[in-house]
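Worksheet for the structure shown next.
The values are calculated or read from the model by the stated rules, or taken from the named source; none is laboratory data. Predicted model only: the values in this text are computed from it and were never measured. Cβ coordinates were reconstructed from backbone atoms using ideal geometry, including for glycine residues, and neighbour counts include every protein chain displayed. Accessible surface areas use protein heavy atoms only, side chains included; no ligands, DNA or RNA. Shrake-Rupley method; radii C 1.70, N 1.55, O 1.52, S 1.80 Å.
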Amino acid sequence: MKGKNLVLCAANAYEQKYYFNQQFNGIPESIREELRILCVLFTQEVGGVFAIAFEEDGSIVLETNADDDDITYDEVSSGLLVGEVRRRRQELFESLQIYYKVFVLREDVSQYLS
């Protein structure tokens, strides 16, 4: 995972663990649960480690990787699944970007209201 990105949440198939960054406890519980389900299901399907992170500008990054010796991890399938998740959850990710820009970067909220 890239060092400059701020991880929102992640799941690890090897350790069967889920992580949520407590810095984002202001996100509603229903959204946090949706993120947990998304991450865990992703790793159950393709294995490895999956993370949802913010770039410095607030853009959402979906990252996946695996141990070098993991012969069950399929990079092609994981890449396709990342694309599918990005398309299906586009509205969720756009909302999370606005949350990050307003509450972390302290940008003016009025520019996001229409």
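Observations on the model:
- The range 80-102 versus the range 1-53: alpha-carbon centroid distance in Å: 13 Å
- In the context of the full protein assembly, residue 85 retains an accessible surface of approximately 20 Å², using a probe radius of 1.4 Å and ignoring ligands and nucleic acids.
- Shape call, the range 3-65: gyration tensor on alpha carbons, a/c limit 1.5: oblate
- Cβ-derived FRET efficiency at R0 25 Å, residue 102 paired with residue 63, nearest 0.05: 0.60
- Taking all protein chains into account, the per residue accessible area for the chain stands at 63 Å² (1.4 Å probe).
- Per-pair calculated FRET efficiency, R0 = 25 Å: residue 112 and residue 18 via Cβ, rounded to 0.05: 0.30
- Entry for P(r) over Cα pairs in 5 Å bins from 0, in percent (calculated from the structure that is shown) out of (1) 2, 12, 23, 24, 16, 11, 8, 3, 1; (2) 2, 11, 22, 22, 19, 14, 7, 2, 0; (3) 2, 11, 22, 24, 19, 11, 6, 3, 1, 0: (3)
- Accessible carbon and sulfur surface of the chain relative to its total accessible area, %, 1.4 Å: 48 percent
- Helix 75-88 and the long axis of the chain differ in direction by around 30°, with both axes built from C-alpha atoms.
- Degrees, to the nearest 10: 90-103 long Cα axis against longest axis of the chain: 50 degrees
- Qualifying trypsin sites (Lys or Arg not before Pro) in the range 78-114, DSSP loop, other Cβ atoms within 10 Å at most 14: 106
- Förster radius 22 Å - calculated FRET efficiency between residue 29 and residue 86 (Cβ-Cβ, nearest 0.05): 0.40
- Charge dipole (Cα centre; +1 on Lys/Arg Cβ, -1 on Asp/Glu Cβ; no other charges) of the range 32-77 amounts to roughly 300 debye.
- Computed accessible area, residue 72, all protein chains, 1.4 angstrom probe, square angstrom: 110 Å²
- Placing dummy labels 7 Å off each Cα toward the beta-carbon, the span from residue 76 to residue 36 is 3.5 nm.
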